[in-house]
Amino acid sequence: MFTPLTLPNGSRLTNRLAKAAMEENLAAPGQLPGPALWRLYRYWAEGGAGLIITGNVMIDGRAMTGPGGVVLEQDTPLAPFETWAKAARQGGAQVWMQLNHPGRQVMANMGGNAWAPSAIPLAMGKHSKLFAQPQAMDKTQIAEVIARFAASAHAAERAGFTGVEIHAAHGYLISQFLSPLTNQRNDRWGGELANRARLLLEVVRAVRERVSPGFCVAVKLNSADFQRGGFSSDDARQVVLMLNDLPVDLIELSGGSYESPAMQGETADGRTLAREAYFLSFARDLAAVARMPVMTTGGIARPSVAQRVLDSGVAVAGIATAMAEVPDLPRRWQTGAAPHALPAPVTWRSKAMASLARMALVKRRMRALSDNRPRNVRYSPLFTLIVDQWRTRRILQRYHAWLRQR
């Protein structure tokens, strides 16, 4: 776990443990990183991980997963991002910004837009109406999205980040193009897998053209969508083979979407995931054909599990929720300690509500760290979800005001 890893572009991770992305929803006014995020990332900077990946940073302020998200566009002021990068890098870790466009996974009350490959709404049962009706993108909008990813990556490098991760998983826009369930186009962006993967490949090429050779470019990819008829593990293998021909420094493998939250251990197609390291079997198989290092995230919270991931041939073990619970977990593992690092499970009958509660618990823990309250407290899932919904409504008003000003 604590040996360095040299990446394809020649840069180096000091060890094989990564703080994986979690959506913080802690943006300051103007959708910028502020003191809350700076304080939170100082904890992780001191935590001992060799790689720190930020939560979602949106490439388009009109398309957001939540009102507390950070936005980095071509003309965004960089000073707050420079402070963020400096805070996160102070422990010597590589710090990569995760860049994302949510596509159709946008709440209806957000406003803005919900671009997608095809106008197919989310199937969330009685909760479906909470999401925006997606609009099928035209060629001009596709070109705009590619340019926005490249512009945001260029800005991230100027701000002092050492890399970016292009989010092509979890049912967001690029993932929607990859899936035959959500991409039913009949032009060069849809149909066979080579066309459905075109957006991802074009984004990677555009990003690499705008950044320096020593700046890292990674991709987060679903090992599968875990929906019947969706993006499959064989599709993932073929996409990895396509990415082998591009200058990609790391692929992070995860899985699922809002409809099938495999990243939380739940699937819509009936498949049972491992209790820990959910996607290890997929990652092991894909690492065997990948020319770049592979990382997997999901359900890793114990050193023995992280070591099992690395022993399987996967190069990096990504830790998410456990590093919200114990922000210096890698450093503790290095000293031989193995603290319990998972919140209490939420086992409500409604899987959708349980998923929201789990996410709210993680966000509440990150808010506590951002307020310099590191002591771990066991929160009530119900009360936490109520508070999270109230807070979201409050910052939604602020986001709407910002959107109108634009």
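The values are calculated or read from the model by the stated rules, or taken from the named source; none is laboratory data. A quick note: this is a predicted structure, and the numbers were derived from the prediction, not measured. A quick note on method: Cβ atoms are made from the backbone with ideal geometry, for glycine too, and the neighbour counts reach across all protein chains shown. Note: areas computed on protein heavy atoms with side chains; ligands, DNA, RNA excluded. Shrake-Rupley method; radii C 1.70, N 1.55, O 1.52, S 1.80 Å.
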The correct count of residues that are part of a loop (DSSP other than H, G, I, E, B), surrounded by 15 or more Cβ atoms within 10 Å (Cβ to Cβ) and in contact with an Asp or Glu (Cβ under 7 Å, 6 or more places away or on another chain) in segment 208-229 is 4
The helices (runs of 4 or more DSSP H) lying wholly within segment 121-207 that contain at least 3 residues that are among the hydrophobic types (A, V, I, L, M, F, W, C) are 139-159, 173-178
Looking at segment 73-86, can you tell me whether even one residue there is over 19 Å from Ala150 (Cα atoms), free of Cβ contacts under 8 Å to residues at least 40 places away in the same chain and assigned to a helix (DSSP H, G or I)? yes
Subset of segment 91-113, residues open to solvent by 20 Å² or more (accessible area, probe 1.4 Å) and aliphatic (A, V, I, L, M), comes to Met107, Ala108
Out of (1) without any contact (Cβ under 8 Å) to a residue 24 or more places away in the chain; (2) at positive phi, the one Leu130 does not meet is (2)
Among residues of segment 352-368 being closer than 15 Å to Gly55 by Cα and in contact with a helix residue (DSSP H, G or I) (Cβ under 7 Å, 6 or more places away or on another chain), the residue surrounded by the fewest Cβ atoms within 10 Å (Cβ to Cβ) is Val362
By residue number, the members of segment 226-281 that are within 22 Å of Leu342 (Cβ to Cβ) and modelled with pLDDT of 90 or more are Glu252, Leu253
Of the residues in segment 358-382, those that are farther than 24 Å from Tyr258 by Cβ, part of a helix (DSSP H, G or I) and hydrophobic (A, V, I, L, M, F, W, C) come to Ala368, Leu369
When restricted to Ala368, Ala354, Ala337, the only residue over 29 Å from Thr14 (Cβ atoms), free of Cβ contacts under 8 Å to residues at least 60 places away in the same chain and out of contact with any strand residue (DSSP E or B) (no Cβ under 8 Å at 6 or more places or on another chain) is Ala354
Reported set for segment 13-33 where residues are in contact with a Pro (Cβ under 7 Å, 6 or more places away or on another chain), open to solvent by 30 Å² or more (accessible area, probe 1.4 Å) and either touching a residue at least 60 places away in the same chain (Cβ under 8 Å) or within 22 Å of Gly298 (Cβ to Cβ) (or both) is Thr14
Filtering segment 128-170 down to residues that are open to solvent by less than 40 Å² (accessible area, probe 1.4 Å) and not hydrophobic (A, V, I, L, M, F, W, C) yields Ser128, Pro134, Gln141, Ser152, Gly160, Thr162, Gly163, Glu165, His167, His170
Note on Val57: of the conditions (1) more than 16 Å from the chain's Cα centre (by Cα); (2) among the β-branched types (Val, Ile, Thr); (3) closer than 19 Å to Phe161 by Cβ, unmet is (1)
Handout entry: So Gln176, is it closer than 24 Å to Gly318 by Cα, open to solvent by less than 10 Å² (accessible area, probe 1.4 Å) and of a type outside the set (Gly, Ala, Ser)
Key = yes
Counting only residues in segment 302-342 that are open to solvent by less than 10 Å² (accessible area, probe 1.4 Å), in contact with a helix residue (DSSP H, G or I) (Cβ under 7 Å, 6 or more places away or on another chain) and small (Gly, Ala, Ser), the one nearest to Leu241 (Cα to Cα) is identified as Ala317
Counted residues in segment 369-383 being modelled with pLDDT of 95 or more and buried (at least 16 other Cβ atoms within 10 Å of the Cβ) come to 2
Residue set Ala49, Ala36, Ala116; condition surrounded by fewer than 24 Cβ atoms within 10 Å (Cβ to Cβ) and hydrophobic (A, V, I, L, M, F, W, C); output residue Ala36
